[in-house]
Amino acid sequence: MKEMKSNVMMVDPALALEWLQRNIATNRPMRPTVIDGYAGEMERGEWHLTHQGVAFDTSGNLIDGQHRLAAIIKANVVVPMMVTVNAPADSFVALDGGVKRTLGDRLSIRSDVVSVLSAGWVLQIRENRRISAAHLAKMADTEFGVVTTRMFNAGALTKRRVMSSACVSLAAVVNIMEGQDFDWIVEQRRVLCTQDEEHETPMARSFRRRFQERRMTGDIHSCIDVLACALRVFDARCAHLTGVKLTEGWQSITRDRVVNALNKESN
């Protein structure tokens, strides 16, 4: 039996292309979003060498690393990669067989916090792309990240579609950063997420009725109107109002409030 060996190699686009020609038919179809995410990290110098990399079986077939190799080609860079050769031919069955590790898993950040920070970051850069681990870690250490984590740690809530979505939670954090009372906002989130109609403010009731059947997507830009209205829900000065009318320029105003909150630090 051939001995399985692993070594760190500098992989350039030409070598990556050559290795991709050895890809086996049973590998999963490549996902463009994954390739784009990896390529972005490589272009920004945020790619790190880990034990995961590229693997070939005893016949020289590529059984792991297709997305990483495709990202090297897309980014047109040279990066260090752990390369394993002579892996057992059937070992690809075990690769990624468990639950895939998310960015939050890698950084020990709760998934709901990741969703809010990612949504804020996308609005800040004005591009709909995946946040890198480096940017996520940096955001988690800001006051905005700390407040977001504290809000979610205040209590587990029942998931209620739009009411528990990242854009609504983002609106709650923005209002906290702008000086609204933390405990009051946590209570308003509880009311929305648990559908506690008895304790709804007039504004929260109007918001729920307007958006409770909304079909949400992972794109913050597609639900920025929900975010804009939710910003009023978590503003105690608007609690008595019975509706929100979005006026001219509301998208820019909403984005600016998020960006200002992201950049705000304690005095």
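Results, tabulated for the structure shown:
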{"read-out": "Residue count for segment 41-71, restricted to those that are surrounded by 20 or more Cβ atoms within 10 Å (Cβ to Cβ) and small (Gly, Ala, Ser)", "value": "5"}
{"read-out": "Subset of segment 85-109 that is in a strand (DSSP E or B) and among the hydrophobic types (A, V, I, L, M, F, W, C) - its residue that is modelled with the lowest pLDDT", "value": "87"}
{"read-out": "Residue within segment 21-33 that is surrounded by fewer than 18 Cβ atoms within 10 Å (Cβ to Cβ), touching a Ser or Thr at 6+ places or on another chain (Cβ under 7 Å) and touching a residue at least 40 places away in the same chain (Cβ under 8 Å) present", "value": "no"}
{"read-out": "Flag if residue 175 is of a type in the set (S, T, N, Q), modelled with pLDDT of 95 or more, assigned by TED's automatic domain parsing to the domain that holds residue 123 and closer than 27 Å to residue 264 by Cα", "value": "yes"}
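The values are calculated or read from the model by the stated rules, or taken from the named source; none is laboratory data. Just so we're clear, the structure is a prediction, and the values are computed from it rather than from any experiment. All Cβ positions, glycine included, derive from the backbone under ideal geometry; neighbour counts span all protein chains shown.
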